[in-house]
Amino acid sequence: MRQESLIAVAGNPNSGKTTLFNAITGARQHVGNYPGVTVEKKEGYHQHNGQSLHLVDLPGIYSLTAYSLDERIARDFLVSERPRVVINIVDASNLERNLYLTVQFLELGVPLVLALNMMDEAKARGIDIDSEELGNLLRIPVIQTVARVGKGTDELVRAVAKASAEEHSWLPLRLSYGPDVDPVLDTLEKAIEDAGLLTDLYPPRWTALKMVEGDEAIVEKASQQDRGLVNRLLQHIEDLTAHVKSTLDAYPEALIADYRYGFIRALLKERVIRRSDTEGRLNLSNRLDQVLTNSFLGPLLMLTIIYGMYAFTFTLSEFPVGLFESGIEKLGEAAKFMIPDGMLQSLIVSGVIDGVGGVIGFVPIITFMFLAITFLEDTGYLARAAYMLDRVFRLFGLHGNSFMPFIVSGGIAGGCAVPGVMAARTLSNSRERLATILTVPFMNCGAKLPVFALLVGAFFQQSQAWMMFLITCISWGGALLVARVLRGTILRGPSTPFLLELPPYRLPTFRGLLIHTWERIWLYLKKAGTIILLISILLWTMMTFPQLSDEAKEPFETRRSTILSGLPADQRALVESEPAEDDSEALREIRDTLKEVDAEEAQLALSSSLAGQIGKSIEPVSRLCGFDWRINVALLGGFAAKEVIVSTLGTALSMGETDPEETSSLSDRLSSDPYWSPLLAFSLIVFSIFYAPCFVTVVCLVRETGSWKWGIFSMIFNTIFSFVMASLVYQAGQFFAVSI
Amino acid sequence: MSKLLLRHMNSGQKGVICQVSAHGELGRRIRDMGLVPGTLLEVQGRAPLRDPVAIQLKDFTLTLRNNEADYITVEEVGD
């Protein structure tokens, strides 16, 4: 058995890289992160004639500079892991620009196998490529593939296996970059070679080239080894820059790029590429774009598509969500049956099963949401949406690609911030991405809707639709303003260049959709099993302990036994049996009285629990927003999941357990309670929009940003922000109400 | 034929890039996408809010913001 060979898969975004990776490795994949960063690292295996190929999917990149995280990762991987072979996948229908990355791989000298992908599209556009000739000119194996249908992958694997079995060192390509750059490059190369500067990592000429290109990462690394030499080399480069600027009005890095493209164009002219159809460039994609990105029709169609995405997600997930919920409920009942009454039962049922069950309840929504997003992304539509909306998002320091996370999180009421935070991966710049991730929880997710429905139903009966619209506007306004403030303060920095490619419209592969969606769910579930379990037990503990003392329980016991002992024995048995349709009026009344006693006891228990005590101790401050301890406890419970606000409020108002789906009695109770007013309800709505995200979102946020710092920041910052907003609303409302 | 900035081109107008004056990260990105002197492009359209602009190159479509298009000088060509 031979040892396994490390193979890297690299290429431009939209070149079909992931499709090819899936086609070669099949389901034998493993998704992790590159060390220390949140960029996904996909690995997979392929066996070929007893040889084990270990494939790593590098991030999609356009060049080997070190401006973006993706590029740095790809470059560091090639240099430090030294893969036996790099599969460079290029879009054959867009060969010239794709080869720009190839040339940079050749400059570095990594052993390359070129996969000319999307040959079918190239042929359809009248582009004919002589891959053998291209291989001869570049002196590397070139294989034609159509990864979508798996064509050419066997041949590719054979070429890769062959190349990886051969013993070879890196052979950098020596290009000419013109009469100005070349002499300086030669001088630098010699000095670097003589001094052994970074020669254990990079070929000397490549280090020289990167320094001329102004690559800060390389300059810094080299300075750590020999600062004096680097300063002398930089002096040469400064002279060159001044010379090029005065004679050609250009920068050396621009000249280098020009010569690379010149090399590619000369290469392709030499019998490699033939276009039979130079006219008629207005292909199907362009015609579609004339409609889909039209100034007037474009935004309208976008709204329709977003609506369709919601309809798809929520219609399809309704059934599985219901199934999950009833499954969780059954599990809870079974646990109640199997475990004797008491603390352990309460912990398992209310803490573990309800807590983790709530998390699993999100899975259907995440699944369908991601199927929809992946579909839109793979067809190429997402890039069009970013293009159309970039101008709006840029006003607030965000990026066109921030649009999807906002919509998914509930930009139109009813999303979920969990997939929303994960959808921010399409943003490459870390500041814009962070600003997006931190503000999407302000959107109105599906779990906040029962809260709004309750309050709007109780206090704004006359103008429900208008209020919901107002709530949507408040959350968008708040989110965008906070994003603006974040980008102007702690996330200050220039916006990334936009330069977004609009890939041709393509029909996604079913397999690709499934793999992508599965990865998301798996990452989510892995987290749910650990931290979320801990937090739900913690919340349960806070709401349960310390328990009522026996003396405190006694009056309730006495009342219950007084009610029951006043009844004849057969009646008593009936009261304790399951309620039935034909129960008499008197029987129902007795049951209701008993329920009232239970509810009062639950209220007292909650108020004396740790959560209740916290709620009371912050009452002096929360009064500024109009909140008493009952609301405080409900909001604390809402950290588990926002709809818990409704059920906890029910308990705190001694209404017994309230089903978030069935709130009419609680709503009546609120509207008749003298403590409550429309102003208080509105203040609570504002607070609920902005305060700390639910802990599932916080956990996702930590995962996506790679540090607890941002998770804690979002909890504290959002709560302070919501407190200020709600206080302003409440105090202003009171002031004007008094002055009127 | 006249020289003008990419920002000032109208839909359907064609031209050959004669200079890219950006450097640093933006310059690098522009060149990565194949926008180098000598490249033929056609303005395909603009987003509903007139920014960004979509341009058609030989084999693909690229969008860039107006303030990025400011760095690109184009020599107009007729049909």
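Among the candidates A:S93, A:S63, the residue that is out of contact with any strand residue (DSSP E or B) (no Cβ under 9 Å at 6 or more places or on another chain), small (G, A, S) and within 14 Å of another protein chain (Cβ to nearest Cβ) is uniquely A:S63. For segment B:1-19, a residue qualifies if it is under 20 Å from B:D59 (Cα atoms) and in a strand (DSSP E or B), and the qualifying residues are B:K14, B:G15, B:V16, B:I17, B:C18.
Which of the helices (runs of 4 or more DSSP H) found entirely inside segment A:672-740 contain at least 1 residues meeting this: over 20 Å from the mean Cα position of the chain (by Cα)? Helices (runs of 4 or more DSSP H) meeting the threshold: A:678-690, A:708-739. Return the residues of segment A:246-274 that are on the phi < 0 side of the Ramachandran plot, open to solvent by 20 Å² or more (accessible area, probe 1.4 Å), facing chain B (nearest Cβ under 10 Å) and charged (D, E, K, R); say none if nothing qualifies. A:E253, A:D258, A:R265 - these are the residues of segment A:246-274 that are on the phi < 0 side of the Ramachandran plot, open to solvent by 20 Å² or more (accessible area, probe 1.4 Å), facing chain B (nearest Cβ under 10 Å) and charged (D, E, K, R).
Among the residues of segment A:403-429, those that are of a type in the set (G, A, S) and part of a helix (DSSP H, G or I) comprise A:S409, A:G410, A:G411, A:A417, A:G420, A:A423, A:A424.
Under the condition of being modelled with pLDDT under 90, in a helix (DSSP H, G or I) and open to solvent by less than 20 Å² (accessible area, probe 1.4 Å), the residues counted in segment A:430-451 number 1. Within segment A:235-245, restricting attention to residues that are open to solvent by 80 Å² or more (accessible area, probe 1.4 Å) and over 24 Å from B:I72 (Cα atoms), the residue that is nearest to the other protein chains (Cβ to nearest Cβ) is A:E238. For segment A:306-314, state whether one or more residues are open to solvent by 60 Å² or more (accessible area, probe 1.4 Å), closer than 29 Å to A:P419 by Cα and within 11 Å of another protein chain (Cβ to nearest Cβ). Checked against the condition, which is being open to solvent by 60 Å² or more (accessible area, probe 1.4 Å), closer than 29 Å to A:P419 by Cα and within 11 Å of another protein chain (Cβ to nearest Cβ), segment A:306-314 yields no hits at all.
Just one of (1) more than 27 Å from A:I256 (Cβ to Cβ); (2) more than 9 Å from chain A (Cβ to nearest Cβ); (3) of a type in the set (K, R) fails for B:R7. It is (1). When residues in segment A:554-594 are screened for being surrounded by 10 or more Cβ atoms within 10 Å (Cβ to Cβ) and part of a loop (DSSP other than H, G, I, E, B), 6 of them pass. The residues of segment B:60-79 that are surrounded by fewer than 20 Cβ atoms within 10 Å (Cβ to Cβ) and assigned to a loop (DSSP other than H, G, I, E, B), listed by number, are B:D70, B:Y71, B:G78, B:D79. Close Cβ contacts (under 7 Å, 6 or more residues apart or on different chains) running from residues in segment A:187-214 that are not assigned by TED's automatic domain parsing to the domain that holds A:L233 to residues that are of a type in the set (K, R) are absent.
Of the residues A:L538, A:L610, A:L606, the single one that is closer than 25 Å to A:I353 by Cβ, open to solvent by 70 Å² or more (accessible area, probe 1.4 Å), modelled with pLDDT of 85 or more and not charged (D, E, K, R) is A:L610. Inspect all residues belonging to segment A:511-526 and state whether any of them is within 23 Å of the chain's Cα centre (by Cα), open to solvent by 30 Å² or more (accessible area, probe 1.4 Å) and of a type in the set (D, E, K, R). Checked segment A:511-526: at least one residue is within 23 Å of the chain's Cα centre (by Cα), open to solvent by 30 Å² or more (accessible area, probe 1.4 Å) and of a type in the set (D, E, K, R). Among the conditions (1) open to solvent by 20 Å² or more (accessible area, probe 1.4 Å); (2) of a type in the set (A, V, I, L, M); (3) more than 25 Å from A:F77 (Cβ to Cβ); (4) outside the structural domain of A:F263 (by TED's automatic domain parsing), A:L173 misses just one, which is (3). Taken across segment A:481-500, residues that are open to solvent by less than 50 Å² (accessible area, probe 1.4 Å), aliphatic (A, V, I, L, M), over 29 Å from A:L670 (Cβ atoms) and within 14 Å of chain B (Cβ to nearest Cβ) do occur, with at least one present. Among residues of segment B:11-28 being more than 7 Å from every other protein chain (Cβ to nearest Cβ) and farther than 25 Å from A:I127 by Cα, the one that is least open to solvent (accessible area, probe 1.4 Å) is B:A22. With respect to being open to solvent by 20 Å² or more (accessible area, probe 1.4 Å), of a type in the set (K, R), in a helix (DSSP H, G or I) and within 14 Å of chain B (Cβ to nearest Cβ), A:R72 fits the description. Taking segment B:29-44 as the range and being facing chain A (nearest Cβ under 7 Å), over 11 Å from the mean Cα position of the chain (by Cα) and open to solvent by 10 Å² or more (accessible area, probe 1.4 Å) as the test, only B:R29 passes.
State yes or no: is A:A458 of a type in the set (G, A, S), buried (at least 19 other Cβ atoms within 10 Å of the Cβ) and more than 25 Å from the chain's Cα centre (by Cα)? In short, yes. Taking the listed residues A:I490, A:I474, the one that is assigned to a helix (DSSP H, G or I) and over 19 Å from the mean Cα position of the chain (by Cα) is A:I474, with no other qualifying.
The conditions of being closer than 21 Å to B:I55 by Cβ, assigned to a helix (DSSP H, G or I) and outside the structural domain of A:Q144 (by TED's automatic domain parsing) are met by A:D258.
In segment A:99-118, the residues that are closer than 18 Å to B:L35 by Cβ and touching a residue at least 40 places away in the same chain (Cβ under 8 Å) reach residues that are open to solvent by less than 10 Å² (accessible area, probe 1.4 Å) and among the charged types (D, E, K, R) with C-beta atoms within less than 7 angstrom, at least six apart or across chains, in these pairs: A:Y100/A:R260; A:Y100/B:D32; A:V103/A:R260.
Take the residues of segment A:174-191 that are of a type in the set (A, V, I, L, M, F, W, C) and out of contact with any Phe, Trp or Tyr (no Cβ under 9 Å at 6 or more places or on another chain): which is farthest from A:L209 (Cα to Cα)? That would be A:A191.
The values are calculated or read from the model by the stated rules, or taken from the named source; none is laboratory data. As the structure is a prediction and not an experimental result, all values here were calculated from the model. Positions of Cβ are generated from backbone atoms using ideal geometry, with glycine treated the same way; all protein chains shown enter the neighbour counts. What goes into the accessible areas is simple: the full protein's heavy atoms, side chains included, and nothing from ligands, DNA or RNA. Shrake-Rupley method; radii C 1.70, N 1.55, O 1.52, S 1.80 Å.
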